[in-house]
Amino acid sequence: MTDTQTFLAAYDDQMRGAPPTPPAGVTYEKDGPLLRIVGQFRGFVSGPRELGLEGAELDRLIARQRDFFAGRGEAVEWKTRAHDTPADLTARLRAAGFVPEDRETVLIGRAADMAVREPVLPAGVTLRRVTADADMRRIAAMESAVWSQDWSWLADDLIGRVAAAPDEIAVHVAEADGEVVSAAWLAFRAGTEFASLWGGSTLAAWRGRGIYRALVAVRAALAAARGVTYLHVDASDDSAPILRRLGFTAVTTTTPYVWTPGDREQP
């Protein structure tokens, strides 16, 4: 098998189930082949590579997820991957009122290979691992500035994860003159060979100066020290080329399909 095939097979086998420990107030549920996560800033649904349902039966499964979260007055994200079956899943999601957000590239690399690089930072920038609630709120404020959206929910999400299982997440910030200019976190996945890289957003004035690569390196070293085999990233079009140059391999793409109350009338 090629690296791409090996990585994708491991991803499908190990990364489709529930994360290890839910934060307080978050629950994991099953509906047929699906994992449903309830209690986050919006609902989340994901399934195996092969759903095993087609036609009207699949439409009913989709409608149940939409209607479940409609009853809660919440939006819901259905996470799709390009290699999933049936092939008409995304068309059926659209027909049920789900709207695609930006496609991301799923990249995987070996933690030991990524850990050999020393973090190189621009002058005046330092990296720090953080656990305090106040730092999570600073991260959320930085993300809100980067994306021009209200990301205040992220602070509660990170605070909840650290409180529920501090050994399963490592949050890092890059700071300059006391300001958070970038942040990223590493999520360990107990019972698998994987850890995931999340975040990595950087204020516009600080991009292109090696901060993102430094955050990858420090998290890769931490993962390798914990015996993690693979690092996984769902990367934006901005991040994917950097990760490829660092040695990550693209194995598929992922697109969130989101239903939001009030977007359209239910069929």
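Could you tell me which of Thr255, Ala96, Ala140 has its Cα farthest along the dipole of the chain towards the positive end, charges placed at Cβ (Lys, Arg +1; Asp, Glu -1), taken about the Cα centre?
It is Ala140, whose Cα lies furthest towards the positive end.
Using Cα pairs closer than 8 Å and at least 6 residues apart in sequence, work out the relative contact order for region 1-91, in percent. Present the calculation step by step, with values, prior to reporting the outcome.
Details: 88 pairs, mean separation 21.4, N = 91.
Here the relative contact order equals 24 percent.
Express the carbon and sulfur contribution to the solvent-accessible surface of the chain as a percent, rounded to the nearest whole number, probe 1.4 angstrom.
About 49 percent, which is the carbon plus sulfur part of the accessible surface.
Relative contact order of region 114-229, please, whole-number percent, based on alpha carbon pairs below 8 angstrom and at least 6 residues apart.
The normalised contact order for region 114-229 reaches 33 percent.
Pull out a ≥ b ≥ c, the square roots of the eigenvalues of the alpha-carbon gyration tensor of region 1-45, then state rounded if a/c is under 1.5, prolate if not and a/b is larger than b/c, and oblate in the remaining case. Write out the running numbers ahead of the final one.
Details: a/c = 3.24, a/b = 2.40, b/c = 1.35.
Verdict is prolate for region 1-45.
What does the C-alpha gyration tensor say about the overall shape of region 169-259? Classify as rounded when a/c is under 1.5, otherwise prolate if a/b is larger than b/c, or oblate. Don't skip to the end; give the middle numbers.
Values: a/c = 1.60, a/b = 1.22, b/c = 1.31.
Judged from the Cα gyration tensor, region 169-259 comes out oblate (a/c at least 1.5, b/c at or above a/b).
With a 1.4 Å probe and every protein chain left in place, work out the accessible area per residue of the chain in Å², rounded to a whole number.
Dividing the accessible area of the chain by its residue count gives 46 Å².
Of Glu74, Glu57, Glu193, which has the largest mean-square fluctuation in a 10 Å C-alpha GNM of the chain?
Glu57
Quick check: Cα centre of region 1-77 to Cα centre of region 103-149, how many Å?
Going from one Cα centre to the other spans 26 Å.
Report the local net charge at Val162: Lys and Arg +1, Asp and Glu -1, summed over other residues whose C-beta lies under 12 Å from its C-beta.
For residues surrounding Val162, the net value is -4.
Could you tell me the distance between the Cα centroids of region 222-250 and region 163-205, to the nearest Å?
13
Does anything in region 161-199 have its amide N under 15 Å from the 7 Å Cα→Cβ label point of Ser236, and if so which residues?
Under cut-off, by backbone N: 181-185, 198-199.
Considering the options Gly47, Ile37, Leu127, tell which one lies farthest towards the positive end of the dipole of region 1-128, charges being +1 on Lys and Arg and -1 on Asp and Glu at the Cβ, about the Cα centre.
So the residue we want is Leu127.
Measuring from label point to label point, each 7 Å out along Cα→Cβ, what is the Gln5 to Thr260 span in nm?
With each label point 7 Å from Cα toward Cβ, the separation is 4.2 nm.
Go ahead and run the numbers for FRET between Arg60 and Trp153, Cβ-Cβ distance against an R0 of 41 Å, rounding to 0.05.
0.85
For the chain, what does the relative contact order come out to in percent, with C-alpha contacts under 8 Å and a separation of six or more?
28
Mind checking region 75-175 for GluC sites (Glu not before Pro) that DSSP puts in a loop (not H, G, I, E or B) and that have at most 15 other Cβ atoms within 10 Å?
In loop regions of region 75-175 (DSSP not H, G, I, E or B), the sparsely surrounded GluC sites (Glu not before Pro) are Glu101.
Ranked from the most accessible area to the least, with a 1.4 Å probe and all protein chains present, what is the order of Thr85, Thr255?
On the way: Thr85 60, Thr255 25 Å².
The most accessible residue leads, giving Thr85, Thr255.
Shape of region 87-183 from its Cα gyration tensor (a ≥ b ≥ c, root eigenvalues): rounded if a/c is under 1.5, otherwise prolate when a/b > b/c, or oblate?
On the way: a/c = 1.92, a/b = 1.50, b/c = 1.28.
Note, shape of region 87-183 comes out prolate.
Just reorder His83, His232 by solvent-accessible area, largest first, 1.4 Å probe, all chains present.
His83, His232
Would you calculate the separation in nanometres between label points at Ala95 and Asp31, each defined as 7 Å from the Cα along the Cα-to-beta-carbon direction?
Between Ala95 and Asp31, the simple spin-label model gives 1.8 nm.
The values are calculated or read from the model by the stated rules, or taken from the named source; none is laboratory data. Since we're looking at a predicted model, the values are computed, not measured. Neighbour counts run over all protein chains shown; Cβ positions are idealised from the backbone, glycine included. Only protein heavy atoms, including side chains, enter the accessible area calculation; ligands, DNA and RNA are left aside. Shrake-Rupley method; radii C 1.70, N 1.55, O 1.52, S 1.80 Å.
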